[in-house]
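All remarks here apply to the structure that follows.
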Amino acid sequence: MTPSSILALTLLTAGFAFGQAEELATAPHMQIAEPRIAKPGTEIVIKGTNLTLAKVEEVYLTDHKFDMKVKVLEQKDDTVTIRVPPFAKPGRMQLMILINNAAGDNPRLLEQPVYVMIEENTTVLAESKKEGAKEKAKEGN
């Protein structure tokens, strides 16, 4: 390689690295979710940086097998409020976001280092058990 081609390659690599560093510095980042333990229907407030609609298009809960899109109730630069879907399965779920790309191409899902424990919705279970008991009583008559 000639010295000029080495210099050109070095400048190209440095420019690419600078562009990636700039993109990472402005990337959305979630830091904490409150409450950390929730049931379906619960509102969760997520705190972080660069969480505006201009940066975060959608929010998901994922167990790495199934991604659930959640309803965003409020969105600001440093907080996002979501509601756990009524069909959410119990277990440890990670937050994931769809990054809003201004150009509209190359949408990206970005897993966040924030987890929420979803508990069973005992209210729904109790109501369905009552309904089942009523139906059995009707069948017995």
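Taking every pair of distinct Cα atoms and averaging 1/r, then inverting, what Kirkwood hydrodynamic radius in Å comes out for segment 27-72?
With all distinct Cα pairs of segment 27-72 included, I get 11.8 Å.
What FRET efficiency comes out for ASP63 versus THR26 if R0 is 41 angstrom and r is the Cβ-Cβ distance? Round to the nearest 0.05. Provide the component values of the computation, followed by the final result.
Numbers: r = 29 Å, r/R0 = 0.70.
Calculated transfer efficiency: 0.90.
Which distance in nm do the two modelled labels at ARG36 and THR81 give, with both placed 7 Å along the Cα-to-Cβ direction?
2.3
Looking at the P(r) of segment 39-103, how many percent of alpha-carbon pairs lie beyond 15 Å?
Everything past 15 Å amounts to 49 percent.
For LYS89 and ASN50, what does the FRET efficiency come to when R0 = 35 Å and r is the distance between their Cβ atoms, rounded to the nearest 0.05?
Using R0 = 35 Å, I get an efficiency of 0.75.
None of the figures in this text is laboratory data; all of them are computed from the coordinates on show. Please read these numbers as outputs of a predicted model, since none were measured by experiment. Glycine also receives a Cβ, built like all others from the backbone with ideal geometry; neighbour counts cover every protein chain displayed.
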